[in-house]
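Report on the structure given below.
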Amino acid sequence: MQLLSWLLLLFCICASGVNSLSHVPVLLWSTESSAWSLAPIVNAGHITSGHEFYKLLEEDAPKPKLIVMFLQDTLSIDDFTYYSTVYGNENPLQNVQHILDTSPSSLILPSVDKKTVDNLPNYLKKQDDWNIVDVDHLNVSSLEMNKDKPNLIIIRLQSIPRSNEKSAAKVFGENDKHIGRITRKLKNHGFHFTAIYTGVKPSKVVKSFDMVYKTGRELLATDSIVSYTPLNVTNGSDVSCILIYATQFIITVNKSLELDLTNITFEVPSVDTSSSECSASNTTLSLVYSLSEKDLSSLEIRFFMTNMFYTGSARNWFKLESVMLIPNKDILRNATFSTSYASAPAEYSYHCQQVGTSSMYGERLIPTNTEANNWEIFISEFQIQGFNIENNIFSYASDCTTFFTPAIWMGLVSTIILLWILSYGIFMIMQLTTNDKFDDPKSQPLSVPQGE
């Protein structure tokens, strides 16, 4: 509880004056009791520089040194405070909390430049020719370290699905158990090591007061959307033939297995696009993912696009015809979806804020076979272009939003109601009349007969 209180205090102070757009928290613990004994106290709002961070790693460490870095796709200091308290007794981060409380030495750095974390392997390799091992799952019993060199083991944790709070808490819990399991096994095997838990990028942007003042009134509960680099498909040449972009790319299978493909598609691309095909009239974007799920070892997603001339408009139009999902390379089990109105002039790209299988999205993907009913697709800030790409960048985007959006209809209806109220009020005022006679105080009062 003391740790949680301290983390909450640090977050509240830092949130008021620190822009965490490029900063990530770093949690460190070591088997050496003397590590960081002389480390300076981190002041509120202080951003740990690369020089300070690297110096901390070099202090009081055993030789040869072993550093184990648990790397998550997104992480912010508020994740520890929020997910440790929001679910009461079900604390998804209980192992990390227990490790920090019981380790001989531990240190929490709320804000570290993310470039420092990204550059850590290169920095260590230049300093002392470190042995770098990058793995997804570490088998401690078969761990073979280079005894002549210091070793850095990078363990990549599961990506956090930020679109769903319950799913995010579940994955946080699984990552937490994995961290606790690896830490215990390393201790049981007698390894002396330093552990680092951090993220590739922040999960949430906290704006400072001066930024809020410049941008005007904003909803305080609105999270900033993390931006990515568009996926560029060159099809074996230096010229781009397909561009695709999204801020979220989520596939759900049988309403139970959720696959967040955003990071492996855009942030750290590991998707295979070699099967994509480009031509002047037909283009197919093929995204092949290697997965580690029990019943789903691979998944291919195909976007079929056409470029046709229409006499009615006397111009060529680009259209996203359909989307096909092929699980485990089994084309017979493909799930195919047709699009509703996903089209744009051939010189433009196509953009839609929300694309998916729900009828609530701007562009709905309609199942065309029975297998498609087992799949759900959600893509946010979707943009794609399969023809006439110049300078490897998107052309002007034709949006899926119609002219009369729900917001416009609400404004029109509200205006009509207000005008009707105003007209009715003016009409009632015009019907007001004055009396024909008035009392004169200098003459006798008016006499109104009361009899029959």
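Here's a check for you: in the range 337-347, which residue that is in contact with a Ser or Thr (Cβ under 7 Å, 6 or more places away or on another chain) and surrounded by fewer than 19 Cβ atoms within 10 Å (Cβ to Cβ) is farthest from residue 241 (Cα to Cα)?
Initial filter on the range 337-347 (in contact with a Ser or Thr (Cβ under 7 Å, 6 or more places away or on another chain)): 337-339, 344-345, 347.
Checking which are surrounded by fewer than 19 Cβ atoms within 10 Å (Cβ to Cβ) leaves us with 338, 345, 347.
Details: 338: 22, 345: 16, 347: 13 Å.
If we take residues in the range 337-347 being in contact with a Ser or Thr (Cβ under 7 Å, 6 or more places away or on another chain) and surrounded by fewer than 19 Cβ atoms within 10 Å (Cβ to Cβ), then 338 is farthest from residue 241 (Cα to Cα).
I'd like to check something: does the range 359-367 contain any residue that is hydrophobic (A, V, I, L, M, F, W, C) and more than 22 Å from residue 335 (Cα to Cα)? Before the answer, list the steps.
Taking the range 359-367 and keeping what is hydrophobic (A, V, I, L, M, F, W, C), we get 360, 365-366.
Checking which are more than 22 Å from residue 335 (Cα to Cα) leaves us with none.
For the range 359-367, residues hydrophobic (A, V, I, L, M, F, W, C) and more than 22 Å from residue 335 (Cα to Cα): absent.
Which number in (1) modelled with pLDDT under 85; (2) open to solvent by less than 20 Å² (accessible area, probe 1.4 Å) marks the one condition that residue 112 misses?
For residue 112, the failing item is (1).
Anything in the range 249-258 that is surrounded by fewer than 18 Cβ atoms within 10 Å (Cβ to Cβ) and under 15 Å from the mean Cα position of the chain (by Cα)? List them, or say none.
Within the range 249-258, just 258 meets the criteria.
Residues checked against (1) farther than 30 Å from residue 313 by Cα; (2) modelled with pLDDT under 90; (3) touching a Gly at 6+ places or on another chain (Cβ under 8 Å); (4) not in a strand (DSSP E or B):
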residue	(1), (2), (3), (4)
361	no, yes, no, yes
365	no, no, yes, no
372	yes, no, no, yes
380	no, no, no, no
403	no, yes, no, yes
414	yes, no, no, yes
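Does residue 118 satisfy the condition of being buried (at least 16 other Cβ atoms within 10 Å of the Cβ) and at pLDDT 80 or above?
no
Checking residue 417 against (1) open to solvent by less than 50 Å² (accessible area, probe 1.4 Å); (2) free of Cβ contacts under 8 Å to residues at least 12 places away in the same chain, only one condition comes out false. Which one?
(1)
With the checklist (1) outside any strand (DSSP E or B); (2) at pLDDT 90 or above in hand, flag the one item residue 300 doesn't pass.
(1)
Among the listed residues 238, 223, identify the single one that is more than 28 Å from residue 113 (Cα to Cα), modelled with pLDDT under 85 and either in contact with a strand residue (DSSP E or B) (Cβ under 9 Å, 6 or more places away or on another chain) or in a loop (DSSP other than H, G, I, E, B) (or both). Let's see the steps before the verdict.
Numbers: 223 fails: more than 28 Å from residue 113 (Cα to Cα).
Result: 238 is the single residue among 238, 223 that is more than 28 Å from residue 113 (Cα to Cα), modelled with pLDDT under 85 and either in contact with a strand residue (DSSP E or B) (Cβ under 9 Å, 6 or more places away or on another chain) or in a loop (DSSP other than H, G, I, E, B) (or both).
If we keep just the residues of the range 332-385 that are within 18 Å of the chain's Cα centre (by Cα) and of a type in the set (Val, Ile, Thr), which is nearest to residue 306 (Cα to Cα)?
First, the residues of the range 332-385 that are within 18 Å of the chain's Cα centre (by Cα): 352-356, 377-383.
Subset that is of a type in the set (Val, Ile, Thr): 355, 377, 379.
Values: 355: 18, 377: 21, 379: 21 Å.
Of everything passing the filter in the range 332-385, 355 is nearest to residue 306 (Cα to Cα).
Restricting attention to the range 271-293, does a residue exist that is open to solvent by 50 Å² or more (accessible area, probe 1.4 Å), among the β-branched types (Val, Ile, Thr) and outside any loop (DSSP other than H, G, I, E, B)?
no
With respect to the numbered conditions (1) under 24 Å from the mean Cα position of the chain (by Cα); (2) modelled with pLDDT under 85, which one is the sole condition not fulfilled by residue 133?
For residue 133, the exception is condition (1).
Within the range 139-158, restricting attention to residues that are at pLDDT below 70 and under 34 Å from the mean Cα position of the chain (by Cα), which residue is surrounded by the fewest Cβ atoms within 10 Å (Cβ to Cβ)?
Kept after step one, since they are at pLDDT below 70, are these residues of the range 139-158: 139-145.
Among the residues that remain, those that are also under 34 Å from the mean Cα position of the chain (by Cα) are: 139-140, 143.
Numbers: 139: 9, 140: 15, 143: 16.
Only one residue fits best here, namely 139.
For the condition out of contact with any helix residue (DSSP H, G or I) (no Cβ under 7 Å at 6 or more places or on another chain) and surrounded by fewer than 16 Cβ atoms within 10 Å (Cβ to Cβ), what is the one hit in 379, 384, 366?
Details: 379 fails: surrounded by fewer than 16 Cβ atoms within 10 Å (Cβ to Cβ); 384 fails: surrounded by fewer than 16 Cβ atoms within 10 Å (Cβ to Cβ).
366 is the lone residue from the list that is out of contact with any helix residue (DSSP H, G or I) (no Cβ under 7 Å at 6 or more places or on another chain) and surrounded by fewer than 16 Cβ atoms within 10 Å (Cβ to Cβ).
If you check 232, 175, which single one turns out to be out of contact with any Gly (no Cβ under 6 Å at 6 or more places or on another chain), at pLDDT 85 or above and open to solvent by less than 50 Å² (accessible area, probe 1.4 Å)? Quick ask: steps written out before the conclusion?
Details: 232 fails: open to solvent by less than 50 Å² (accessible area, probe 1.4 Å).
Only one candidate qualifies: 175.
The values are calculated or read from the model by the stated rules, or taken from the named source; none is laboratory data. Treat the numbers as computed from the prediction; the structure is a model and nothing was measured. Here Cβ is always computed from backbone atoms with ideal geometry, including for glycine, and neighbour counts include all displayed protein chains. Only protein heavy atoms, including side chains, enter the accessible area calculation; ligands, DNA and RNA are left aside. Shrake-Rupley method; radii C 1.70, N 1.55, O 1.52, S 1.80 Å.
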